[in-house]
Amino acid sequence: MQSIYIAGAGAGSGKSVVVLGFMELLSAVSRKVGFFRPFAPRGSDQDGLTTLIRTRYELPFPDEMLYGCTVETARQLIGSGRYDELLKLILNKYKMLEERCDLVLCAGTDYNGLIPSLEFGFNVDLANHFGCSLVAVVKGFGRTPQEAVDALHITHELMRERGADFLATIVNGVDSEALDLVEARARDLLSETENVYVLSEQPTLGMPTMGEIRLALGADLLRGDADALNQVVTNYKIAAMEVPDFLGYVEDGCLMVTPGDRSDIILASLAADVSAAFPRVAGLLLTGGLRPAETVQRLIDGLRRTKVAILCVETDTFSTAMALGRIEAGILPDDERKMAAALGLFERHVDVEDLRKRIALHHSERVTPLMFEYELIRRAKTQRQRIVLPEGTDERILRAAEILALRQVADLILLGDPDKIRRRIGELGLTLDTIRIIDPASAPERARYAKTYHELRAHKGISEQMAFDVVEDVSYFGTLMVYHGDADGMVSGAAHTTQHTIRPSFETVKTKPGVKLVSSVFFMCLSDRVLVYGDCAVNPNPSAEELADIAITSAGTAAAFGIEPRVAMLSYSSGSSGKGADVERVREAVRIARERRPDLKLEGPIQYDAAVDVEVARSKMPESEVAGHASVLIFPDLNTGNNTYKAVQRSAGAVAIGPVLQGLNKPVNDLSRGCTVTDIVNTVAITAIQAQQAHEAHEAARDSQEDEA
């Protein structure tokens, strides 16, 4: 198991994207991944890349453990000829971190002029001293295909000369039209054992956001929330002319730079942003330490639709413009859009599975939350499914949809009024050009879906006209899309009740053969493991037969998502000690489940503490192979299950993914109305995986029928 060192082969290679991609991969397959940089300006908290990685992956190490020394210290040692002493200092710091980790991801120096022309060699030396596999990042930006290949060749020659153990080389930022050519020439140039990946250029990753500009200039924020600060700035405009002439220069995503007393320019920019006749403005940067007049500020504060961030700096307009030109784009820790774009780019061009095998990591028996979430995204992407999202105007749904689209997790369909949805997308500054939008009220499929619904529900007194009216509802329309195979799964509930979301599926999709009822589970992501809770959302008072069915189905769900099922049937007593109707019902459920699935690791009745705590299990049920190690916990009723999952979620800070419905013929999943964007992304990924499994089961059944015929 080797640690990895990622080094840029020159300035401007864009290694941050590669570092982020590797960290995502490694954190998902190993519980303790460290991050290390040779130099930091004034400690790791001042280094943008370290801050991003430390925040996103919640690294539990103190700042001083994440870097070798400051830039100032390095300059002093190099200047006095003590190069070896510098290497020893950095190596010592690295080893201190390595002792506390399964492996470490190192990000090389930023070509800050410490060792001119020798900096890549310095990084190769460090990788050798650390015992790391080396990943070199070669700049493709602004280079012809031959220039990029020449740089690749020089990089490999240097790595060979210095005896580097190189894992892969990544040529980053190649023109998309030249990808195949660069890949072909690289294959001709290098041996079969030398892995090379070529990443296309993604312009938005090279453009700063309003938040990055604010940080780089030390600007004050006069207006704008987190979303406004995450807007990408495509270009700068110095606004010094009158409004009629100025408006002709407005471009999409531009940053308007103007003195703070130019109320006319400020108001014109805000008006242009919300006008359908003009491109949208990324933000305003007010110079000279001047701020809008009080009346103008009051007018701005009263605007409802604008999402434009307004920054203020003390420097004059000329000095500010020069400073803007020196800003290098990066990725801030709260910029989910850029992170999704970066990860999507990496995962699109890099053979992640091959890298995982080459790194040869030992997998932990436990599935950590980060591993679980990473695996969801990875599996969903292997065979993309069509997922319908009925709540097309909800902001969280739209933000999640953009992340899912950028990472190519699923092919999404939004339901609702197309004009309203597109207007909302524009107001939020999102990019959702590839996502299909359907209006149930005017869709050609409405008549066909109404006919189906009438046929399925005529015995309940549903007339043709009633059916036509019903399928205009987004939940019914979305469910019937799944029923007809026009979508592979549905996710809803951000703005609708659970009943509104799942009732249509009970009436149309119905349960799988051999499954008597629909139930649900939550994936409870604790700090060091993922547990499966069932049923916490659907069945109020299940019988013993139903509890057995929930346990067996939940075990299958756990196994399907990479969690070894060890099932605990919970009650207020453990083993044979308790008496009473409730505990007898659980005891009977255990008997039925064991009879139906003797292969399952299953225990009950058992108390929660005995199910999950090894020490308690030793005293209460020492002979049980499940006690103390349970991964699937089945609650005796909805009251207990719902309250427990919420208590654990709020008190232990656990992430609760679900409810995930199980037992339906086709996947339909519910969201909590308090769900976050991350919850939606995870639930869509889960739904896509369920859809993959449903297709596989259908194919297997069809093949079996053909064999019998």
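Summary of values
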{"quantity": "Contour excess over end-to-end distance, with Cα ends at Tyr572 and Leu303 and 0.36 nm allotted per residue", "calculated": "91.2 nm"}
{"quantity": "Distribution of pairwise C-alpha distances over segment 1-99, 10 Å bins, in %", "calculated": "14, 46, 34, 6, 0"}
{"quantity": "Part-to-part distance (alpha-carbon centres) for segment 645-686 and segment 550-598, which is given in Å", "calculated": "22 Å"}
{"quantity": "Which labelled figure in (1) 38.1; (2) 35.6; (3) 30.7 is mean projected area of the Cα convex hull in nm², once derived from the coordinates", "calculated": "(1)"}
{"quantity": "Percent carbon-and-sulfur accessible area, the chain, ignoring ligands, DNA and RNA, probe 1.4 Å", "calculated": "49 percent"}
{"quantity": "Whole-number percent relative contact order across the chain, with pairs defined as alpha carbons under 8 Å at least 6 apart", "calculated": "11 percent"}
{"quantity": "Mean Cα-pair separation over length for segment 1-112, i.e. relative contact order, pairs under 8 Å, 6 or more apart, %", "calculated": "43 percent"}
{"quantity": "Label point distance in nm, Phe468-Ala271, each placed 7 Å from Cα along Cα→Cβ", "calculated": "4.7 nm"}
{"quantity": "Degrees separating the helix 145-161 axis from the principal Cα axis of the chain, which is the longest one", "calculated": "90 degrees"}
{"quantity": "Segment 278-313-segment 496-517 distance, computed between alpha-carbon centres (Å)", "calculated": "49 Å"}
{"quantity": "Kirkwood Rh (inverse of mean 1/r, distinct Cα pairs), segment 554-669, angstrom", "calculated": "15.0 Å"}
{"quantity": "Whole-number accessible area per residue in Å² for the chain, which is evaluated in the context of all protein chains at 1.4 Å", "calculated": "43 Å²"}
{"quantity": "Förster radius 22 Å - calculated FRET efficiency between Asn643 and Asp582, Cβ distance, rounded to 0.05", "calculated": "0.90"}
{"quantity": "Relative packing of 638-651, 204-217, which averages over residues the other C-beta atoms within 10 Å, highest first", "calculated": "204-217, 638-651"}
{"quantity": "With Cα atoms, 0 to 90° folded angle of helix 544-560 axis to the chain main axis", "calculated": "30 degrees"}
{"quantity": "Dipole of the chain, positive direction: furthest Cα of Pro542, Leu406, His496, with charges on the beta-carbon", "calculated": "Pro542"}
{"quantity": "Flagged links, alpha-carbon separation over 18 Å, of Lys460/Lys510; Lys32/Lys88; Lys32/Lys95; Lys15/Lys338", "calculated": "Lys32/Lys88"}
{"quantity": "Cleavage-rule hits (GluC sites (Glu not before Pro)) in segment 492-584: DSSP loop, at most 14 neighbouring Cβ within 10 angstrom", "calculated": "none"}
{"quantity": "Degrees, to the nearest 10: 336-349 long Cα axis against longest axis of the chain", "calculated": "90 degrees"}
{"quantity": "Relative packing of 471-484, 246-259, which averages over residues the other C-beta atoms within 10 Å, highest first", "calculated": "471-484, 246-259"}
{"quantity": "For peptides 396-402, 628-634, 353-359, sequence by mean Cβ density within 10 Å, most packed first", "calculated": "628-634, 396-402, 353-359"}
{"quantity": "Hz values of 3J(HN,Hα) by residue in segment 98-110 - Karplus curve (6.51, -1.76, 1.60), Gly and Pro given as x", "calculated": "4, 5, 9, 10, 6, 7, 10, 9, 9, 10, x, 5, 9"}
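The values are calculated or read from the model by the stated rules, or taken from the named source; none is laboratory data. Because the structure is a prediction, the values reported are computed rather than measured. Reconstructed Cβ throughout: ideal geometry from the backbone, glycine too, with neighbour counts over all protein chains shown. In case anyone asks, the SASA skips ligands and DNA or RNA and just uses the protein heavy atoms, side chains included. Shrake-Rupley method; radii C 1.70, N 1.55, O 1.52, S 1.80 Å.
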